[in-house]
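Have a look at the structure below before the remarks.
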Amino acid sequence: MPSNKSVSDAPIVQFTNCRILRSHQLQRGEDLWVREGKILNPEKLFFDEKGSADIQLDCKDSIIAPGFIDVQINGGFGVDFSLATDDFKSGIDLVSQKILSHGVTSFCPTLVTSPPSVYHQVLPQISIRNGGAHGAGILGAHLEGPFISKEKKGAHPEHCLRTFEAGAFQDLLATYGSLDCVQIVTLAPEMKRSSEVIRELTKRGICVSLGHSVANLSQAEEAVQHGATFITHLFNAMLPFHHRDPGIVGLLTSDKIPAGRRVFYGMISDGIHTNPAALRIAHRAHPKGLVLVTDAIAGMGLAPGRHTLGQQVVEIDGLNTYIAGTKTLSGSVATMDTCVRHFQEATGCSVETALETASLHPAQLLGIEHKKGTLNYDSDADFLMLNDSLYVQATYIAGEEVWRQDALGM
Amino acid sequence: MRLVILEDYDQASEWAAKYICNRIIQFKPSQGRYFTLGLPTGNTPLGCYRKLIEYHRNGDLSFKYVKTFNMDEYVGLPRNHPESYHSYMWNNFFKHIDIDPNNAHILDGNAPDLQAECDAFEKKIEAAGGIDLFVGGIGPDGHIAFNEPGSSLSSRTRLKTLAMDTILANAKYFDGDLSKVPTMALTVGVGTVMDAREVMILITGAHKAFALYKAIEEGVNHMWTVSAFQQHPRTIFVCDEDATLELRVKTVKYFKG
């Protein structure tokens, strides 16, 4: 029928016959409307613009959920974000394109502890950019280290660890070179002068995460009071929960979190990093703070064998990834959609909850939920079509299909 | 009049929907020759709307060449408020069918000049060639649209203050808080609906029984404004058994035929 849209002539697509994740529920009988890369309010279109859809697509009862956001991914498909190679840019492009098939529409390329030269060479090559057919959007880098604890270095190389005791924030800035496209910094809050550093980073809109640390609960709480809002891979690389000093884990139920703030925590639900019982304990203690991350490394998406993780060599055997010759876990080869499915199985939570831990919660963590992580009107139209078992069938960025599962299931 | 008595709410809704559907199909609407439908809101017509949507989904009924005119809208309620009649019509009807948004007319309760808005609505009906079938309901106080007791039976579209009965009946949609219920509305007049070529009034439930009795077994009276339709040449009252509870057995037997 003739459309008479007063606001814009751009085509309007109506996705019908689907179940949309909105307001924490899968809503049937609601269609998803998209125009110019954003989710459109069809009632406003009808009454204000007297407009209607140009194209109607039958989604065959698929689940439509916001695209996944991975805030901790070290590489994949042979690409290591902590290696300053000549073709770094094409490496990051490759990963951003490949993870579309895992349902990831935005991510934070993560750099593990590295020498300053690596940061100085690599960071200028990372730019915050929108996603599209070329790949998932880049929200900014996640710098995990080098200001972390020696005792909890995990797979990070000891000779690259640093402190900012001498010059606090200036030391940090000198190490990294530039913070222009940095979104998250993981550090150990027990380090001297961390409060100043946390305040300075928070002032610049950078999310501070606590991890690879031997902090006790009060040190962790103090860090939160200064602005820290995230915990890097809960349980891993921190003191274990103790009933008289719960350590960083205690933040999940701390009563010293400033009013109106929420502490989020990353979890790698690949079945290796955390026992399902521990996953359930964390989830039940603080369900709204759980953020699924992959912590994927270069070997993700490749055959088992040896790969690098920054300055280290890593051995992959099935789903297990260890520093070569040791039993120290180093990242994972899990994909985001596998993590979502595994999380849902292990906790028995609803499909809606599982999907939100990989979309809404990371968006809330980064303060971008007004445009990412939901299917609310006027949000960016980054979304997924999934079947009932939560396998991604198609990925859309800004309303355009950027990946589809082909009929042969490859 | 015709009085069509069905056993229960679902059957009454289905009968009404089928009647509307058949009327539209028989009319054979096309480009430049639209079928004009007057539409109600409230609880009663929900079943009828559901059935019409079903017929549309089955491919049996298209609203492409149908123009609609709603009876009323609250004054001062934001258009996207969940209880506005715009929201009601979008969620319960328009979003499920293929009507052209240019052909769906609802009074704007936030217009800067409310009387001008009402006058313009009357003109739009006139420009559309009048209403072929006006579907309405009945209030517990016997009102049609928001033509509250005491409304002139020759009234036109205008601003009306709502009666206490109506405000009380609506409170359940506003969390039971009387202070949140709108007190004024724009409404088509009794005369506006009387101008339609055919009128169908849906009445279901025991709580409407007394109003139905007053509307069809007593005289034409501005205190029970639906009674005006005793003087309309083509009116059908569609009701369920419960709505006939206050009628004389003789009346019911006659119409059950």
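None of the figures in this text is laboratory data; all of them are computed from the coordinates on show. Please read these numbers as outputs of a predicted model, since none were measured by experiment. Note: ideal-geometry Cβ built from the backbone for every residue, glycine included; neighbour counts use all protein chains shown.
The phi torsions of region B:177-188, fed into the Karplus equation with coefficients 6.51, -1.76 and 1.60 and a -60° offset, translate into couplings of 9, 4, 5, 8, 6, x, 9, 9, 8, 9, 9, 5 Hz, rounded to whole numbers, with Gly and Pro shown as x. The residue list A:Leu94, A:Thr274, A:Ile69 was ranked by how far each Cα lies along the charge dipole of chain A toward its positive end, using unit charges on Cβ atoms, and A:Thr274 comes out on top. Rounded, prolate or oblate: pick one for region A:67-366, where a ≥ b ≥ c are the square roots of the eigenvalues of its C-alpha gyration tensor, a/c under 1.5 means rounded, and failing that, prolate if a/b is larger than b/c, else oblate. It comes out rounded by the Cα gyration axes.
In chain A, the calculated helix contribution to ellipticity at 222 nm averages -6000 deg cm²/dmol per residue, counting -39,500 (n - 2.57) for every DSSP H run with n ≥ 4.
Kindly identify region A:209-281 as rounded, prolate or oblate by the Cα gyration tensor criterion: order the square roots of the eigenvalues as a ≥ b ≥ c, call it rounded if a/c is under 1.5, otherwise compare a/b with b/c, prolate if a/b is larger, else oblate. Cα axes put region A:209-281 in the prolate bin. In region B:26-105, if the dipole is taken from +1 on Lys/Arg beta carbons and -1 on Asp/Glu beta carbons about the Cα centre, which of B:Ser30, B:Asn91, B:Val66 is farthest to the positive end? Final value for the positive-end residue is B:Ser30. Converting phi to 3J(HN,Hα) with the Karplus coefficients 6.51, -1.76 and 1.60 and the offset θ = phi - 60°, region A:57-66 yields 10, 8, 8, 6, 6, 5, 7, 10, 10, x Hz in sequence order, with x at every glycine or proline.
Out of region A:92-194, which trypsin sites (Lys or Arg not before Pro) are coil in DSSP terms and have no more than 12 other C-beta atoms within 10 Å? It would help to have the intermediate numbers written out before the result.
Details: sites: A:Lys98, A:Arg129, A:Lys150, A:Lys152, A:Lys153, A:Arg162, A:Lys192, A:Arg193; in loops: A:Lys150, A:Lys152, A:Lys153, A:Arg162, A:Lys192, A:Arg193.
Passing both the DSSP loop test and the Cβ count: A:Lys150, A:Lys192.
Here is how the number arises for chain B: DSSP H runs of 4 or more residues each give -39500 (n - 2.57), the sum is divided by the residue count, and the result at 222 nm is -9500 deg cm²/dmol. Summary value for chain A: 20 percent relative contact order, contacts being C-alpha pairs under 8 angstrom separated by 6+ residues. The Cα-based radius of gyration and maximum Cα-Cα distance (Dmax) for the protein assembly as shown are 32.1, 101 Å. Pairs exceeding a 32 Å alpha-carbon distance, out of B:Lys18/B:Lys253; B:Lys172/B:Lys256; B:Lys160/B:Lys256; A:Lys192/A:Lys256: B:Lys172/B:Lys256; B:Lys160/B:Lys256.
A simple count of charges around A:Gly145, restricted to other residues whose Cβ falls under 10 Å of its Cβ and scoring Lys, Arg +1 and Asp, Glu -1, yields +1. What residues of region B:18-46 lie in the reach of a label at B:Arg2, counting those whose backbone N is under 16 Å from a point 7 Å from the Cα along Cα→Cβ? Residues B:18-27 fall inside that zone.
Using +1 at the C-beta of Lys and Arg and -1 at the C-beta of Asp and Glu, which of A:Ser149, A:Gln344, B:Gly176 has the Cα lying farthest in the positive direction of the dipole of the protein assembly as shown? Checked the options; the winner is B:Gly176. Taking Cα centre as origin and charging only the Cβ of basic (Lys, Arg, +1) and acidic (Asp, Glu, -1) residues, the dipole magnitude of the protein assembly as shown rounds to 460 debye. Give the shape of region B:2-256 as rounded, prolate or oblate, defined through the alpha-carbon gyration tensor: a ≥ b ≥ c are the square roots of its eigenvalues, a/c under 1.5 means rounded, and otherwise the shape is prolate if a/b is larger than b/c and oblate if not. The shape class here is rounded.
Out of all DSSP beta bridges with both ends in chain A, state the antiparallel percent to the nearest 5. Let's see the in-between values first.
On the way: 37 of 70 bridges.
Of all bridge pairs located within chain A, approximately 55 percent are antiparallel.
3J(HN,Hα) along region B:163-171: 6, 4, 4, 5, 4, 5, 5, 7, 4 Hz, from the Karplus curve 6.51 cos²θ - 1.76 cosθ + 1.60 with θ = phi - 60°, whole Hz, x for Gly and Pro.
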